[in-house]
Amino acid sequence: YNLTKAAVAGLVRSAAVELGKQGITVNGIAPGPLWRPEDFTVEEWQANLDKAPLKGKTDEDALRDVAAAVLFLLSSTTITGHMLVVDRGISLVSV
């Protein structure tokens, strides 16, 4: 899992360098947990979410934020080579 996340970030950076020569921007979005997996109980899911700095955000909030991130990056002509992390801050803490 961690290897593939790093590979995607590397791909975004490499593609941004190459495609930037043609005026094309390349960015990625790294979403965190968006909805409860089927094998998680509601309690397990909530315990996982409670570890994030932005506790109490709903699944709908997370999905809305991912959509907003996509629209933001699509509207930019000067941002390239970046991964935008949309994860309630969970990547900031050890979970």
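Name the single residue that is nearest to residue 81 (Cα to Cα) among those in segment 1-25 being part of a loop (DSSP other than H, G, I, E, B) and either of a type in the set (Val, Ile, Thr) or over 15 Å from the mean Cα position of the chain (by Cα) (or both). Before the answer, list the steps.
So in segment 1-25, the residues part of a loop (DSSP other than H, G, I, E, B) come out as 1, 21-25.
With either of a type in the set (Val, Ile, Thr) or over 15 Å from the mean Cα position of the chain (by Cα) (or both) added as a condition, the list becomes 21-25.
Working: 21: 13, 22: 14, 23: 13, 24: 10, 25: 7 Å.
The extreme case among them is 25.
Return a yes/no flag: does segment 4-13 have any residue that is at negative phi and in contact with a helix residue (DSSP H, G or I) (Cβ under 6 Å, 6 or more places away or on another chain). Full working, then the answer.
First pass over segment 4-13, keeping only residues at negative phi: 4-13.
From the residues that got through so far, the ones that are in contact with a helix residue (DSSP H, G or I) (Cβ under 6 Å, 6 or more places away or on another chain) too are none.
No, that holds for no residue.
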Residues of segment 38-92 being under 28 Å from residue 13 (Cα atoms) and of a type in the set (Lys, Arg), in sequence order, are 64, 88
Conditions (1) assigned to a strand (DSSP E or B); (2) modelled with pLDDT under 90 -> residue 45 fails only (1)
Condition set modelled with pLDDT of 95 or more and open to solvent by less than 70 Å² (accessible area, probe 1.4 Å), scope segment 24-34, selection nearest to residue 51 (Cα to Cα): answer is 29
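Hey, can you tell me all the residues within segment 69-95 that are part of a helix (DSSP H, G or I) and exposed (fewer than 12 other Cβ atoms within 10 Å of the Cβ)?
The answer is 71, 74, 75.
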Contact list, first residue from segment 21-38 and without any contact (Cβ under 8 Å) to a residue 24 or more places away in the chain, second anywhere and surrounded by 15 or more Cβ atoms within 10 Å (Cβ to Cβ) and among the hydrophobic types (A, V, I, L, M, F, W, C), beta-carbon distance below 7 Å, six or more apart or interchain, is 36/45
Residue count, segment 70-95, condition closer than 22 Å to residue 23 by Cβ and among the aliphatic types (A, V, I, L, M), comes to 7
By residue number, the members of segment 11-23 that are surrounded by fewer than 11 Cβ atoms within 10 Å (Cβ to Cβ) and either under 21 Å from residue 69 (Cα atoms) or of a type in the set (A, V, I, L, M, F, W, C) (or both) are 23
Only one of (1) open to solvent by 80 Å² or more (accessible area, probe 1.4 Å); (2) outside any helix (DSSP H, G or I) does not apply to residue 60, and that is (2)
Residue 38: passes all of (1) among the charged types (D, E, K, R); (2) surrounded by 12 or more Cβ atoms within 10 Å (Cβ to Cβ); (3) part of a loop (DSSP other than H, G, I, E, B) but (2)
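The values are calculated or read from the model by the stated rules, or taken from the named source; none is laboratory data. Treat the numbers as computed from the prediction; the structure is a model and nothing was measured. Neighbour counts run over all protein chains shown; Cβ positions are idealised from the backbone, glycine included. For the accessible areas, the whole protein counts, side chains as well, though only heavy atoms, and no ligand, DNA or RNA atoms are used. Shrake-Rupley method; radii C 1.70, N 1.55, O 1.52, S 1.80 Å.
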